[in-house]
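The values are calculated or read from the model by the stated rules, or taken from the named source; none is laboratory data. Note that the structure is predicted; figures quoted are calculated from it, not measured. All Cβ positions, even for glycine, are placed from backbone atoms using ideal geometry, and neighbour counts span all protein chains on display. Calculation scope for accessible area: heavy atoms of the full protein, side chains included, ligands and nucleic acids excluded. Shrake-Rupley method; radii C 1.70, N 1.55, O 1.52, S 1.80 Å.
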Amino acid sequence: MLSEGLLVSAPGKVILHGEHAVVHGKVALAVAVNLRTFLRLQPRNNGKVSLRLPNIGVKRDWEVAKLQQLDTSFLEPGDVAAPTPEQVEKLKEMAGFPEDCKGSEHLAVLAFLYLYLSIGRKQSTLPSLDVSVWSELPTGAGLGSSAAYAVCLAAALLTACEEIPNPLRDGGHASRWATEDLEFINKWAFQGERVIHGNPSGVDNAVSTWGGALRYQRGQMTPLQRPPALKILLTNTQVPRSTKALVANVRSRLIKFPKIVAPLLDSMDAISLECERVLGEMTEAGLAPEQYLILEELIDMNQHHLNALGVGHTSLDQLCQVTGAQGLHSKLTGAGGGGCGITLLRPDVGQPTVEATKQALASCGFDCWETSIGAPGVSIHQAASLDAAIRQALNGL
Ligand code: PMV
């Protein structure tokens, strides 16, 4: 067990193109968005393990000795084992949660216990530590907040338990793990995601681990050769939606009008491929103005297709109109029906335009972040190298 504290961060994700079409075997492009989750792990000698998640109001402590006495043999040692429904039930029992609990606070605690007990049980005694997690990502908005949480937990616990080396030992302000260690982090994070989501696709944790951009089709994930570096506005309309219901509606529409909807899905596939091609041409100097124009046209066409699939929403129309009035192009990202949208910021768009757009979006009641896509994946930091605001948030925990 390491004696020093660790500070880890992992990004959220947005889908650039291919949402819904991906459910029907088409290509989607998922990219890391530079809104991050931060985790601080501090080894302790007080015989306790504690978890603080201020974004969702979680504050829990356990006696290590009590956890040690519990029969955790149901967590298979050795390999990265997928949590079975029985294991999740046992964890609920351990945490003292009711059987039918499914609130985000409960699920986040269960994922922590699962990863702490599974990774920590390989030590001679379970480690005493404090874990605090704080996020810039809103929860439940389709931005991969639970995956970023699981990736941070897996990376920090594996490093603290010396299952993987601490890459910061070589100096520097921030560092990333070697490829084989990232693969290990990703596998454990996927299991943490499974505790929270049941049967996730694995895209969110992969993007959060690797960063950059991933092409995703029929369960196959391929990192894009050149991770794009694009500026965007990310807007949360705050309109709640159910991914499950929206996916089901698209399926019904496809069954009802196969000759109309199937070509739309093919066209969305072609949009993802064209976008991938353009991003692949990106150089150190970024994209040329005419390449930005192509990206904008792709955004507009896909947004219309998504509307034709029936996953639009008046709030998303409003987002497109408000940004369109400033000469900017937007589309929904993720499931639609409300939720989030992205707006591409060309390099020639001045800060006054960006500020005016952000203000106009805020006055619609939307949350808006100016951020970048193609962000680095899970990283470990020297506390002093972090932004003052993030340091302050973490110190307050
Ligand atoms: O908003 P999210 O992250 O739940 O996006 C869902 C993306 C869909 O393509 C609509 C569904 C899926 O499973 O790929």
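Computed quantities for the displayed model
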{"quantity": "Convex hull of Cα atoms in the range 1-102, direction-averaged projection (nm²)", "calculated": "10.1"}
{"quantity": "Accessible area of residue 269 in the full protein assembly, 1.4 Å probe (Å², nearest 10)", "calculated": "30"}
{"quantity": "Cubic angstrom per residue, convex hull over Cα atoms of the range 102-256", "calculated": "168"}
{"quantity": "Length-normalised contact order for the chain - Cα pairs under 8 Å, 6+ apart - percent", "calculated": "27"}
{"quantity": "Probe 1.4 Å, accessible area per residue of the range 274-319, Å²", "calculated": "47"}
{"quantity": "All lysines inside 29 Å of residue 331 as judged from Cα atoms, apart from same-chain residues fewer than 8 positions distant", "calculated": "13, 26, 231, 244, 256, 259, 358"}
{"quantity": "Percent accessible area from carbon and sulfur atoms, the range 82-211, protein chains only, probe 1.4 Å", "calculated": "48"}
{"quantity": "Distance in nm between pseudo-label sites at residue 169 and residue 267 (7 Å out along the Cβ direction from Cα)", "calculated": "5.6"}
{"quantity": "Probe 1.4 Å - accessible area at residue 61, Å² to nearest ten", "calculated": "80"}
{"quantity": "Sequence of 252, 50, 124 from largest to smallest accessible area, 1.4 Å probe", "calculated": "124, 252, 50"}
{"quantity": "Portion, in percent, of the accessible area of the range 308-357 that falls on carbon or sulfur, probe 1.4 Å", "calculated": "54"}
{"quantity": "Two-site label geometry, residue 296 and residue 178: point separation in nm, points 7 Å out along Cα→Cβ", "calculated": "4.7"}
{"quantity": "Å² of accessible area per residue within the range 12-111, as computed with a 1.4 Å probe and no ligands counted", "calculated": "46"}
{"quantity": "Cα pair distances of the chain binned at 20 Å [whole percent]", "calculated": "28, 55, 17, 0"}
{"quantity": "Estimated [θ] at 222 nm from DSSP helical runs (n ≥ 4, -39500 (n - 2.57)) normalised by residues in the chain, nearest 500", "calculated": "-13500 deg cm²/dmol"}
{"quantity": "Environment charge of residue 20, counting only residues whose C-beta is closer than 14 Å and scoring Lys/Arg +1, Asp/Glu -1", "calculated": "+3"}
{"quantity": "Radius 12 Å from Cβ of residue 343, net charge of other residues (Lys, Arg +1; Asp, Glu -1)", "calculated": "+1"}
{"quantity": "Accessible surface of the range 226-268 [probe 1.4 Å, protein heavy atoms]: carbon and sulfur percent", "calculated": "62"}
